[in-house]
1. Might you check whether a residue that is at pLDDT below 90, within 12 Å of the chain's Cα centre (by Cα) and buried (at least 21 other Cβ atoms within 10 Å of the Cβ) occurs anywhere in segment 119-132?
2. Tell me which residues, restricted to segment 1-31, are part of a helix (DSSP H, G or I) and modelled with pLDDT of 85 or more.
């Protein structure tokens, strides 16, 4: 993008207030939490295989993976374990952590798009597209691998957008 084009794009006012898109995204997730009941206290789908490994790590400090879940569980355990060490490894806590990770993914995507100079409206639409994705909605209340993978991907996208804009790492 040329310098003139950047100045022109920066001169166009953004119609949405800075605070509105993150508030709308969080409200979307709050409504979803009420509808989908993230407080169920039992594993859903294949969460049972991941849940047992997390309970052993949080309650006994032992990392033991089932053959069913070895390939993808390590990163997921490392993301959820700190919360479970503080609170508990019960499914209700784990599901809440995954739901928060889902909201964080959407906010990270929004932030990455803003870093890439998307205006607030299109960035909000992009984030809502992820939030309303049926796979994201369904997996946000289960301790499966999809949401943690999306979370890490969105965090990586934000770091890449930051580096592209400044040529410095995100936390430098």
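The values are calculated or read from the model by the stated rules, or taken from the named source; none is laboratory data. Quantities reported herein were computed from a predicted structural model and do not represent experimental measurements. So basically every Cβ, Gly included, is an ideal-geometry build from the backbone, and we count neighbours across all protein chains shown.
1. No - not one qualifying residue is present in segment 119-132.
2. Within segment 1-31, 20, 21, 22, 23, 24, 25, 26, 27, 28, 29, 30, 31 meet the criteria.
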